[in-house]
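Participant: I'd like to ask you about the structure that follows.
The values are calculated or read from the model by the stated rules, or taken from the named source; none is laboratory data. All values derive from a computational prediction rather than experimental measurement. Neighbour counts are summed over all protein chains in view; Cβ atoms, including those assigned to glycine, are modelled from backbone coordinates with ideal geometry.
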Amino acid sequence: NSFCTLLVAVMPPKKGAPKGKANKQKEDQEFEALLKELNKSTAAKGKSDAQKHKDEPKHVTTAERKAAFRAQQKEKEEAAAKQLESRAQQNKLQEMLRELMKNGGPGAFGSPYLDKPNTEIETGSVTAKAPATVSAGFAAMQGWRRNMEDAHIMSPNFYRGGDQDWHLFSVMDGHGGEVVAQTVKKLLPAILLKSFGSQPPSDGALTSAFAEMDLAIRKKHGEECNSCGTTCVTTLISDQKVVCASVGDSRAVLARKAGTPNDVVPLAFDHKPENDGERDRIVAAGGHVENNRVNGNLAMSRALGDYMYKTVEGKSTTEQLVINVPDVISAERKPGDEFVVVACDGIFDVLTNDALVEAIREEIAAIGATGQRLSTSQLEMIAGNITKKCLAPGGANGPSRPDGTDNMSIVIVQL
């Protein structure tokens, strides 16, 4: 109101006699005074408006926070829905498998399963030369599968690097045939030695070795391995360290002293197409992920072999649908470390990392050897018992469940 009054006051009168010089000067002074008042009023209004705007962000911020919260909730709901969809797809696949086994029977043409499992267990063991204390037991079972496509490597005192003796243990789980897994078994040790030289195993040396291994398979077998390949989980163990390199969905686990915090240490993680980083690469290379498989077919996003997924023009070897780049994980040895387990997904589809370590400890306790050194025959027996534990029991029409129907290979390395 004061602002309007001042504006009215400065308006000239509608009527009146002509102004003299004195009147003009007086009017100018009054006008200057009015301008000062007007400036004061304008400044006061500006402060009032500024305070008003200063208070407004509080309301805007609250609204923004609510909007951000709603956006976060929506993201969580979408993620949950995606997870449920993934589980539903997996359940659908499992149901399709059950129908296949029920209607066609496991022995029907095209089925990967036998009428009954081959439960013969292959075993083996090794012991490192003194002063090393490493020993290992191995077991493998073909199980319900028509063919055995796994392979393994056990090589104590594999090489000396960085003033340490390193022991090599690997498991390969082939798919589309055994040729790639068996080729890795034959060629990988020499390729690793070439890559390491006299140095301890490093991320770069292991990555180079896997790339060279993949190239060697391609040169040796060519198009024969376009649609077949293998996982590869490779561990190198010294008195001070455990180093693991892996592609695919085979794994390794370090069991530290029972009862200590974090006594189960994962040394490898599954390379699954549905994982965000893997999916992004697959899509960028022109592929897609369907039913958690690369282009609806391959259940892993990293492997040796599988060259039909490694030929996208304009993409490097590390940008293809399926790549040979391993994850490399290292763990320092600690007093009381018990064992390292290296196994394929025929084991890990049934038992989690923790459950597998616990199952081995239960087997050790069952023979009264907790806290004692195990003989190689005991290691073999325990490994064999784990394969029996993981085997799917038979039902009226073959295996009674989808998990536990794969080939099984496991190496238990006593530290």
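Participant: Could you say which residue among Phe169, Phe158 is under 18 Å from Phe210 (Cβ atoms), touching a residue at least 12 places away in the same chain (Cβ under 8 Å) and surrounded by fewer than 24 Cβ atoms within 10 Å (Cβ to Cβ)?
Facilitator: Values: Phe169 fails: surrounded by fewer than 24 Cβ atoms within 10 Å (Cβ to Cβ).
None of the others qualify; the one that does is Phe158.
Participant: Anything in region 201-218 that is of a type in the set (A, V, I, L, M), touching a residue at least 40 places away in the same chain (Cβ under 8 Å) and either buried (at least 22 other Cβ atoms within 10 Å of the Cβ) or under 21 Å from Met154 (Cα atoms) (or both)? List them, or say none. Spell out how you get there, then give the answer.
Facilitator: Taking region 201-218 as the starting set, the residues that turn out to be of a type in the set (A, V, I, L, M) are 205-206, 209, 211, 213, 215-217.
Next cut, touching a residue at least 40 places away in the same chain (Cβ under 8 Å) only: 206, 211, 213, 217.
Hits for region 201-218 are Leu206, Met213, Ile217.
Participant: Residues of region 336-388 being aromatic (Phe, Trp, Tyr) and more than 19 Å from Thr119 (Cα to Cα), which ones?
Facilitator: Step one: filter region 336-388 for residues aromatic (Phe, Trp, Tyr), giving 339, 348.
Residue satisfying the conditions is Phe339 alone.
Participant: Quick check on Ser198: is it surrounded by 16 or more Cβ atoms within 10 Å (Cβ to Cβ) and either among the hydroxyl-bearing types (Ser, Thr, Tyr) or not assigned by TED's automatic domain parsing to the domain that holds Ile323 (or both)? Give the derivation first.
Facilitator: Values: surrounded by 16 or more Cβ atoms within 10 Å (Cβ to Cβ): no; either among the hydroxyl-bearing types (Ser, Thr, Tyr) or not assigned by TED's automatic domain parsing to the domain that holds Ile323 (or both): yes.
No.
Participant: Taking the stated definitions as given, is Lys334 in a loop (DSSP other than H, G, I, E, B) and either basic (Lys, Arg) or not assigned by TED's automatic domain parsing to the domain that holds Ser250 (or both)? Working first, answer last.
Facilitator: Values: in a loop (DSSP other than H, G, I, E, B): yes; either basic (Lys, Arg) or not assigned by TED's automatic domain parsing to the domain that holds Ser250 (or both): yes.
Yes.
Participant: Follow-up question, since we're still on this one. Inside region 216-243, can you point out the residues that are part of a strand (DSSP E or B) and either under 18 Å from Leu356 (Cα atoms) or acidic (Asp, Glu) (or both)?
Facilitator: Looking only at region 216-243, we keep the residues that are part of a strand (DSSP E or B), and these are 229-230, 232-237, 241-243.
Once the filter is applied, which keeps residues that are part of a strand (DSSP E or B) and either under 18 Å from Leu356 (Cα atoms) or acidic (Asp, Glu) (or both), region 216-243 yields Val233, Thr235.
Participant: Follow-up. Consider region 341-393. How many of its residues are touching a residue at least 40 places away in the same chain (Cβ under 8 Å) and hydroxyl-bearing (Ser, Thr, Tyr)?
Facilitator: 3
Participant: Answer with yes or no whether Ser316 is touching a Pro at 6+ places or on another chain (Cβ under 6 Å) and without any contact (Cβ under 8 Å) to a residue 60 or more places away in the chain. Steps first, answer last, please.
Facilitator: Values: touching a Pro at 6+ places or on another chain (Cβ under 6 Å): no; without any contact (Cβ under 8 Å) to a residue 60 or more places away in the chain: yes.
The answer is no for Ser316.
Participant: Could you figure out which of (1) touching a Lys or Arg at 6+ places or on another chain (Cβ under 9 Å); (2) of a type in the set (A, V, I, L, M); (3) in a helix (DSSP H, G or I); (4) within 24 Å of Val294 (Cα to Cα) isn't true of Leu187?
Facilitator: The single condition Leu187 does not satisfy is (4).
Participant: Right, another one. Does at least one position in region 388-409 carry a residue that is modelled with pLDDT of 95 or more and in contact with a His (Cβ under 6 Å, 6 or more places away or on another chain)?
Facilitator: Yes: region 388-409 contains one or more residues that are modelled with pLDDT of 95 or more and in contact with a His (Cβ under 6 Å, 6 or more places away or on another chain).
Participant: Quick one: is Leu187 at pLDDT 95 or above, assigned by TED's automatic domain parsing to the domain that holds Leu304 and surrounded by fewer than 20 Cβ atoms within 10 Å (Cβ to Cβ)?
Facilitator: Numbers: at pLDDT 95 or above: yes; assigned by TED's automatic domain parsing to the domain that holds Leu304: yes; surrounded by fewer than 20 Cβ atoms within 10 Å (Cβ to Cβ): yes.
Yes.
Participant: So, in region 104-128, of the ones that are of a type in the set (A, V, I, L, M, F, W, C) and not in a loop (DSSP other than H, G, I, E, B), which residue ends up modelled with the lowest pLDDT? Walk me through it before giving the result.
Facilitator: Initial filter on region 104-128 (of a type in the set (A, V, I, L, M, F, W, C)): 108-109, 114, 121, 126, 128.
So of that shortlist, the ones also not in a loop (DSSP other than H, G, I, E, B) come out as 114, 121, 126.
Numbers: Leu114: 93, Ile121: 98, Val126: 98.
Applying the filter and picking the extreme gives Leu114.
Participant: For Ala359, indicate whether it is modelled with pLDDT of 95 or more, assigned by TED's automatic domain parsing to the domain that holds Asp263 and assigned to a helix (DSSP H, G or I).
Facilitator: The answer is yes for Ala359.
Participant: Output the residues belonging to region 124-146 that are under 24 Å from Cys390 (Cα atoms), surrounded by fewer than 17 Cβ atoms within 10 Å (Cβ to Cβ) and in contact (Cβ under 8 Å) with a residue 40 or more places away in the chain.
Facilitator: Gly124
Participant: Here is a further query. Residues of region 232-285 being acidic (Asp, Glu) and in contact with a strand residue (DSSP E or B) (Cβ under 9 Å, 6 or more places away or on another chain), which ones? Give the steps one after another, and end with the answer.
Facilitator: Applying the first criterion (acidic (Asp, Glu)) to region 232-285 yields 239, 249, 263, 270, 274, 276, 278, 280.
Those that are acidic (Asp, Glu) and in contact with a strand residue (DSSP E or B) (Cβ under 9 Å, 6 or more places away or on another chain): Asp239, Asp249, Asp263, Asp270, Glu274, Glu278.
Participant: Restricting the search to region 249-279, which residues are among the acidic types (Asp, Glu), under 25 Å from Asp150 (Cα atoms) and either in contact (Cβ under 8 Å) with a residue 40 or more places away in the chain or surrounded by fewer than 21 Cβ atoms within 10 Å (Cβ to Cβ) (or both)?
Facilitator: Step one: list which residues in region 249-279 are among the acidic types (Asp, Glu), which gives 249, 263, 270, 274, 276, 278.
Pick out the ones that are also under 25 Å from Asp150 (Cα atoms) and you get 249, 270, 274, 278.
Correct list: Asp249, Asp270, Glu274.
For every residue, the table says whether it meets (1) charged (D, E, K, R); (2) surrounded by fewer than 17 Cβ atoms within 10 Å (Cβ to Cβ); (3) touching a residue at least 24 places away in the same chain (Cβ under 8 Å).
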residue: Lys220; (1), (2), (3): yes, yes, yes
residue: Leu236; (1), (2), (3): no, no, yes
residue: Cys244; (1), (2), (3): no, no, yes
residue: Arg281; (1), (2), (3): yes, no, yes
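Participant: Just the residues that are charged (D, E, K, R) and in contact with a Lys or Arg (Cβ under 9 Å, 6 or more places away or on another chain), please, taken from region 345-362. If you could, list the steps in order and put the result at the bottom.
Facilitator: The initial filter retains those residues of region 345-362 that are charged (D, E, K, R), namely 345, 349, 354, 358, 361-362.
Matches in region 345-362: Asp345 only.
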